[in-house]
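The values are calculated or read from the model by the stated rules, or taken from the named source; none is laboratory data. Worth saying up front: this structure is predicted, and the values here are computed from it rather than measured. Cβ sites come from the backbone with ideal geometry, for glycine too, and all protein chains shown count toward neighbours. Just so you know, the surface numbers come from the protein's heavy atoms only, side chains and all, with ligands and any DNA or RNA stripped out. Shrake-Rupley method; radii C 1.70, N 1.55, O 1.52, S 1.80 Å.
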Amino acid sequence: MSPSPNSKDSPLIVYGASWCPDCRRAKQFLASHRIAYKWIDLETEPDQVAEVESRNGGKRIIPTVVFPDGTFLTEPSNDELADRIGLSRTASSPTYDLVIIGGGPTGLTTAIYGARENAKVLIVEKSAPGGQAGITESFDNYPGFPDGVGGTELAERMTRQAQRYGVEILEAVGATKVTREEPMFRIELSTGNHVLAPAVLIASGSTYRRTEAEGEADLIGAGIHFCATCDGPFYQGAMNLTIVGGGNSSLEEGLFLTQFADCVTVVQALPTLTASKLLQEKVLNHPKMMVLVKASVKSFNANDQGKLESIAIDHDGQDVEHHTEGAFIFIGLDPNTDFLDGLLDVDPRGFILTDHMFQTNVEGVFAAGDVRSGSTKQIASAVGEGAAAAIQIRYFLEKFQENVEMHS
């Protein structure tokens, strides 16, 4: 029996090229939803060009995504891919007690706590449940898993637990706007629909800035990382690790990595480091650290096993091939808050301001996890914030219900 084209375990074939941005987008979408696929690069496998042309009337159009039943999509949008693989993208009800924007560890935890107390909860997740945790190779620092746990496994466990309590999850659906529609909030969705709820939790997380250098997207989790605390221990005994970025976080993480590697190289595109003077002195005087300034990453290069092997660097006008077992990118974080359109108060970097009860400046709108100003950007604390926010939301919903009954 052929596997279902909508099964998350079914392999797909993606025909494309490494230089094609739509190909990278399609691959990233499939990977984020944990969809197995086979990648065929027409530049390295030119004999496959005829296959693409035969499906597209003689035209060489990429990406071409072929499903196990033989059907295919050409240059599909994320929405088309989501519909084709059978993701749930339409809410079953127009109203909920709580709408959570973001389905990472914070949002899933809040949903579990809320649903266990009989709240009607909807999660709106623009990617796949689990967020960045779901595409992280492994966690060695998450309590309860002494041998570590894979990010995919942890995300799937959290998702199943939420669904067990009746949490509804929309995948590949973004929130585009949140407005007050008394006595509710109206949450506009990227599908063109909307839902209403008296309480909203913003748990949309943040996005690590990327270098956008060639090869970066394909090697995330295979030598390229964004969290030294999470992934540094995997490199015990490494000869060389690399930090990209020269700010405070970069140097702090670089110092942390010296306990695992013989050498840690800091690659900074600017003429000088931008971290505090104290951190700069520590790094420059550390026997295991080396600093390259005026060094721009041109490409990340893989070995035959698909793991990071080297970085091509333009170092002050000279091409350098820098061999490294792992690269950690620390060039900043951007909060995923564009859809709020100035609704909430934020700090200078755009992260949402809350009080100690996770309440924003708009009553009924809460924020927790990586999107919140002052959060630690660690999975354990993200889960903790999700639980704490759920308790405050419960109190709010109790008062909301009392007011409704009083005025009915």
Hits in segment 357-408 - residues which are open to solvent by 80 Å² or more (accessible area, probe 1.4 Å) and among the hydrophobic types (A, V, I, L, M, F, W, C): M406
Tell me, yes or no, whether segment 332-339 has at least one residue that is at pLDDT 95 or above, out of contact with any helix residue (DSSP H, G or I) (no Cβ under 9 Å at 6 or more places or on another chain) and part of a loop (DSSP other than H, G, I, E, B). no
Would you mind stating whether A50 is under 21 Å from the mean Cα position of the chain (by Cα), open to solvent by 10 Å² or more (accessible area, probe 1.4 Å), more than 26 Å from N336 (Cβ to Cβ) and not β-branched (V, I, T)? no
Enumeration of residues in segment 258-296 that are outside any helix (DSSP H, G or I) and of a type in the set (D, E, K, R): D262, K288, K294
What's the number of the condition R34 fails, among (1) at pLDDT below 95; (2) of a type outside the set (S, T, N, Q); (3) part of a helix (DSSP H, G or I); (4) closer than 30 Å to G205 by Cβ? (3)
Pairs with Cβ under 6 Å, 6+ apart, first in segment 330-346 and more than 12 Å from R209 (Cα to Cα), second open to solvent by 50 Å² or more (accessible area, probe 1.4 Å) and of a type in the set (S, T, Y): F339/T176
In segment 55-155, which strands (runs of 3 or more DSSP E) lie fully inside it and hold 2 or more residues that are open to solvent by less than 10 Å² (accessible area, probe 1.4 Å) and touching a residue at least 60 places away in the same chain (Cβ under 8 Å)? 98-101, 121-125
I'm checking my understanding of the structure. Among residues of segment 5-24 that are open to solvent by 60 Å² or more (accessible area, probe 1.4 Å) and in a loop (DSSP other than H, G, I, E, B), which one is modelled with the lowest pLDDT? N6
Is segment 299-320 home to any residue that is buried (at least 16 other Cβ atoms within 10 Å of the Cβ), in contact with a Ser or Thr (Cβ under 7 Å, 6 or more places away or on another chain) and not in a strand (DSSP E or B)? no
Does segment 25-36 include one or more residues that are more than 21 Å from A172 (Cβ to Cβ) and open to solvent by less than 30 Å² (accessible area, probe 1.4 Å)? no
Restricting segment 324-356 to residues that are over 17 Å from the mean Cα position of the chain (by Cα) and under 22 Å from E252 (Cα atoms), which is surrounded by the fewest Cβ atoms within 10 Å (Cβ to Cβ)? P348
